[in-house]
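First the structure, in the form of C-alpha cells, and then the observations on it.
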2 protein chains.
Amino acid sequence: MKAEIIAVGSELLTPDRADTNSLFLTERLNRLGIEVTRKSIVGDNLGSIQDTFRAALERVELVVASGGLGPTEDDLTRDAVAELLRLRLVRNEGVIRAIQERFQSFGRSMAENNARQAMVPEGATILENKRGTAPGLWIESKQSIIVLLPGPPRELKAMFQSEVEPRLAPRAPASRLHHHELRVAGLPESDLDQRIAPIYKTYADVETTLLASPGEIEVHFRIWSADGAEAERRLDELERHVALAIGEFIISTDGETMEQVVGQLLTANHATIATAESCTAGLVAERLTRVAGSSAYFLGGVVCYSNEMKTAFAGVPAALIEAHGAVSAEVARSLAEGIRRRTGAALGIGVTGVAGPSGGTPAKPIGTVHIALAAAGGTIERGVVFPGDRERIRWQAAQAALDMVRRHFIGASALGTSGTRGGAARTPGGKTSPKA
Amino acid sequence: MKAEIIAVGSELLTPDRADTNSLFLTERLNRLGIEVTRKSIVGDNLGSIQDTFRAALERVELVVASGGLGPTEDDLTRDAVAELLRLRLVRNEGVIRAIQERFQSFGRSMAENNARQAMVPEGATILENKRGTAPGLWIESKQSIIVLLPGPPRELKAMFQSEVEPRLAPRAPASRLHHHELRVAGLPESDLDQRIAPIYKTYADVETTLLASPGEIEVHFRIWSADGAEAERRLDELERHVALAIGEFIISTDGETMEQVVGQLLTANHATIATAESCTAGLVAERLTRVAGSSAYFLGGVVCYSNEMKTAFAGVPAALIEAHGAVSAEVARSLAEGIRRRTGAALGIGVTGVAGPSGGTPAKPIGTVHIALAAAGGTIERGVVFPGDRERIRWQAAQAALDMVRRHFIGASALGTSGTRGGAARTPGGKTSPKA
C-alpha cells in the first residue's frame, strides 16, 4: 500500500514555515506498512488543491492531507475535495453541537464562521477532534481512501492515532516497517561509516541511514517485512555485530539522549555530580537537568566566565590561572576538583575553552577546549579543538563532557576520538585531518 | 513570475529528514519578486521525477529542483530531466577536470563513478559548485527555466547565490517582496493579535503573519511592490503604528534575539550581570553567553538545585528557605541579591520554580516560577505560572528573566502580561484564562 501526503496552506509556501506534520505521518504510516511515495505542499487555492488530489488519487490508494479544515474563507480543503469527488456538502448538526460545547467550556459563544467546519461531504466519516474545533474526514472513493486532518500538529497527531490508525490497520499490508536506532558519540561520521559499512552492507534487506549532528550520529536500521519476529531478529543481530565493532561509542540503542543515559548511569551508581563551566556557560548543567528527576543526582554548578569567579566559586588558585592561562588543562582540572570539593559531589566536571568568535591565538585557536572529570579515584582531562562556530563549539564541548561521565561509568577509556560532521576535532597543537 | 520547488531524494520521504532547502530557496526567490506556488518532494525514481517536472512545467515558468545530482546510481535528476526534454547527455571534460582537481586537493584520486556528474544535457549551462563535486544545471526550454541544484544545503545555498541569482535577476519581475519583522515578548498571541489587528488590517497591501513560540512571537509584515521606496515607507509606517500600540513588548525590529538585545542594553549601560538559577539550571547563563563578546558583561552564575547550594553559593539564608520554601518570592529575591553581592555585578538575576513533571503542589503547581532582578535601586520580583512541559516551562522562565533585564533598561514596568501560544501564563494562585 502506497500513500501520498498533501499539506495545504499558503503559509507553508513562505520562508517561515516548513511542513513538519509529514514526518510524523510518515513514521506512523511506515509502521503500518504503508510507504510514502510523494509529498506535496500547496497553497489555499481551490484549483491547486484539486489538481494535487486528482493527481495523487491516480497514483496511490491512500491520500493523507493536513490543513485547510478551519473556519475561515481560506480553508478550502473540504470544498475542494467534495467538488472533485462530486460529493454534496451537508451541514452536520452533531459537529455544530460539539463545536458549540467546546466554546461553552471556555465560557465563550461560537462565532458563526465555525459552522463551516460542520460541512461534511455525503458519505464521509467524521473523525473526532479532541483538541480543537475542526473535525477530520475519512472519505472512501472507488479504490482510494482520503483522510483529511487539521493542520495544527497537536490536533493532527492525536486524531491520527485515535481515529485514523484503527481504521487503517485492518487494511494495511502484512509487510511492516521495523526500525532500530543507535546513537553514537565520539566518532566522526566518516570513521563510523568506515567501521560499520562492511557489517550493514551484508544485510541487503536492511536500509541503513546515518544522520550526523554536532557531537552525535544517529544510525537508523529499517527493514520492511511481513515476518515481524524474523525482522526483529535480523535487526537485533545486525545491532549486535555493530556493537561489537564500535561498542563504547554507542550511547543508546533506544533513542535515549546523552543526558538521559548519563542520568541513568548516575542513578544506578548512586552518584552525584556538579559542574564548573567557563566556555559552555551553563550548557552542561542545563542539559543534565533536562531530565526529569535530575535533582536526585545533580547538586548544582557554577558558571565562571571571569578569572575572579573561577577563584571565588570553584577555588581555582589565581597563580594557576596566571601560570597556565584560563584555557588550560590545569585550570580545567582545578575547576573539576574545586566544584567537587565544594559541593561534596561524587563527580565534578570542569570545562574551559575558547568558543570564539574572538579570543583565539595561534597556540590556543578558537575551538580549543579542556574538559576535566574529577572523581574519588583521581582526575582525568582531555584537550580538544572543536570545529565550527561559537554555538557548535559549545555544544560539542558539552557533549564531550557528558560523554566523559558516560565513559567513566562504563569503564571505557575516557578519550575516544571526537568530532563528527563538518570536520574532525583534533588535539590542541595537532593537525586537522582533512574531510572530503 | 511563479516558481515551483521540487526536492528529489528518497531520504526526504522517511520520517528522519525534512526538506529545508525550500525555505531558503523561497526566501531568495521572494526577494527577486518570484512567488513559490507549490513544493513537491519525490523519491529517487525516474518516473516520479519526470511526472513531477512535467506537471510543474505546465503550470509555471520556473522550476527549481534540489538533489539527485550526485555520483551514485540513485542520482537520477539529470537523466530524468534530459529524457523528459529530449536532450542528449554529453560528457563535459571541463567538469571532469574540475572534479579531478577537487579530489587532488584532498590528496585523493577521483572514483570513476564521479564521471556521472559530468554528463550535461545539450544546451544546458553548467553552474559551478565551489563547495562540492556535483555541478548545477540551468536549462531553458520553451517558456520555462529549469534550475537543478545539489542537495547538500551548503552547496545549494552558495550556488544559488553566486550562480542562479545573477541569472534570474534580469528576468525577474519588477515587483519584489519587502519584509519587516518584529519580535514581541510578554503578550499572549491572542492578546497581541487583538491589539494590532485593527492596525494591520488597514494595510490591505501588507500580508501579516504571527508566528508564536514559547515566550516570543514573531510578527512578519510582507508587501509585494514594484516601488521599493514606497513599500518600505508603508512598512515603516505600519511598524510605527504597531510600536505605538504595544511599544514596550517589542524586543526588536530587525530579527535580533532577546539575548542579543539584552547584551546590547548591558553594553550600552556599562552594566554587568550575574545569575543564580534553580529551575532554569543554567539556561539563563547559557542564553546570555550565546552572544559573542558577552564576557564583557556576564560575570558568571551559579546553578543551585539543592537548598544547600542556594545557601553555599548565593548566600540564601537556610531559615528563609525553611520559612517560605525553596520556590518562593523571598528565595528568588535572596538568590538575585546574593549573586549580585558575591560577584559585584550591577544586576543579579534569581530564578526558582517547579519545572515538573513532579514536585507540584496545589499551592505551588508545576510551572510556578519566581524571578527576581536585583539592582542598585532595589529588587523586583515576579511570580508566574507557566503552562507546558518541563522544557517549555524552563524556556519561558529564562525568557521572562531576560525580559525583566530588558524592561529594567528601557524603563518599562517590569511585569507586563506573559505566556504565549499554548495557554496563557497566570500569577500563582490566580486563574488561568482559557484559550480557544
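Please treat every number below as a calculation from the coordinates, not as lab data. This structure is a prediction, so every number in the text was calculated from the model and none was measured. Please note: Cβ atoms are built from the backbone with ideal geometry, for glycine as well, and neighbour counts cover all protein chains shown.
Nearest 5 is fine: what % of DSSP beta bridges in chain B come out antiparallel, could you say?
Taking every DSSP beta bridge with both residues in chain B, the antiparallel ones total about 60 percent.
Which residue of chain A is nearest the rotation axis onto chain B, counting by its Cβ, and what is the distance in whole Å?
Whole-Å result, nearest residue of chain A to the axis: A:282, 1.
What is the magnitude of the charge dipole of chain A about its Cα centre, with +1 placed on the Cβ of each Lys and Arg, -1 on the Cβ of each Asp and Glu, and no other charges, expressed in debye to the nearest 20?
With only Lys, Arg, Asp and Glu charged at Cβ, the dipole is about 640 debye.
Using the alpha-carbon atoms, what tilt in degrees (0 to 90, nearest 10) does helix B:258-268 show relative to the longest principal axis of chain B?
With both axes taken from Cα atoms, the answer is about 60 degrees.
Test of understanding: ordering B:53, B:24 by Cβ neighbours within 10 Å, fewest first, what list do you get?
On the way: B:53 25, B:24 16.
Exposure proxy ranking, most exposed first: B:24, B:53.
Under the rule a/c < 1.5 gives rounded, and otherwise a/b versus b/c splits prolate from oblate, where does region B:176-252 land using the Cα gyration tensor?
Prolate is the answer for region B:176-252, as a/c is 1.5 or above and a/b outweighs b/c.
Beyond 29 Å, how much of the Cα-Cα pair distribution for chain B remains, as a whole percent?
59 percent
Rank A:307, B:3, A:359 by how far each Cα sits towards the positive end of the charge dipole of the protein assembly as shown (+1 on Lys, Arg Cβ; -1 on Asp, Glu Cβ) and give me just the farthest.
A:307
Under the Karplus relation 6.51 cos²θ - 1.76 cosθ + 1.60, θ = phi - 60°, what is the ordered set of whole-Hz ³J(HN,Hα) values for region A:178-194, x standing for Gly and Pro?
Each residue of region A:178-194 in turn: 10, 9, 10, 9, 10, 10, 10, 10, x, 10, x, 3, 5, 5, 4, 5, 4 Hz.
Along region B:95-112, what does the Karplus equation 6.51 cos²θ - 1.76 cosθ + 1.60 (θ = phi - 60°) give for ³J(HN,Hα), rounded to whole Hz, x for Gly and Pro?
Values, residue by residue: 5, 3, 4, 4, 5, 4, 5, 4, 5, 4, 5, 9, x, 10, 9, 6, 5, 4 Hz.
Based on the alpha-carbon gyration tensor of region B:220-329 and its eigenvalue square roots a ≥ b ≥ c, which shape applies: rounded if a/c is under 1.5, prolate if not and a/b is larger than b/c, or oblate?
Numbers: a/c = 3.69, a/b = 2.55, b/c = 1.44.
Prolate.
Find, among the trypsin sites (Lys or Arg not before Pro) in region A:179-232, those assigned to loop by DSSP (not H, G, I, E, B) with at most 15 other beta-carbon atoms within 10 angstrom. Could you put the intermediate results ahead of the total?
Details: sites: A:183, A:195, A:201, A:222; in loops: A:201.
The qualifying sites are A:201.
Going 7 Å from Cα along the Cα-Cβ axis for the label, what nanometre distances separate residue A:172 from the same residue across the other copies?
4.5
Which percent, to the nearest 5, of DSSP beta bridges fully inside the protein assembly as shown are antiparallel?
Details: 99 of 153 bridges.
So the antiparallel bridges in the protein assembly as shown amount to around 65 percent.
About the Cα centre of the protein assembly as shown, how large is the charge dipole given +1 on each Lys and Arg Cβ and -1 on each Asp and Glu Cβ? Please answer in debye to the nearest 20.
With Lys and Arg at +1 and Asp and Glu at -1, about 1180 debye.
How would region B:2-171 be classified by its alpha-carbon gyration tensor: rounded, prolate or oblate, with rounded meaning a/c under 1.5 and the a/b versus b/c comparison settling the rest?
rounded
Per-residue HN-Hα couplings for region A:140-154, Karplus 6.51 cos²θ - 1.76 cosθ + 1.60 at θ = phi - 60°, whole Hz, x for Gly and Pro?
Along region A:140-154, the couplings run 9, 9, 6, 8, 10, 10, 10, 10, 10, 10, x, x, x, x, 5 Hz.
Given label points at 7 Å from Cα along Cα→Cβ, what nm distances, shortest first, separate residue A:269 from the same residue in every other copy?
4.4
Taking the label point 7 Å from Cα in the Cβ direction, how far apart in nm is residue A:31 from each other copy of itself, listed shortest first?
Nearest to farthest, the other copies are at 4.1 nm.
Take the cross-link list A:2/A:157; A:364/B:157; B:39/B:157; A:39/B:142 and give me the ones stretching past 29 Å between alpha-carbons.
Among A:2/A:157; A:364/B:157; B:39/B:157; A:39/B:142, the Cα-Cα distance tops 29 Å for A:364/B:157.
Hey, can you grab everything whose amide H is under 5 Å from the amide H of residue B:3? Only 5+ residues off in sequence or another chain; H modelled, so Pro and N-termini drop out.
Correct list: B:35, B:36, B:37.
Normalised by the number of residues in chain A, what is the relative contact order in percent for Cα pairs under 8 Å and 6+ residues apart?
Details: 888 pairs, mean separation 48.2, N = 436.
Relative contact order comes out at 11 percent.
For residue A:310, give me every one of the aspartates and glutamates with a C-alpha distance below 17 angstrom, ignoring sequence neighbours fewer than eight places off in its own chain.
A:277, A:322, A:330, A:337, B:286
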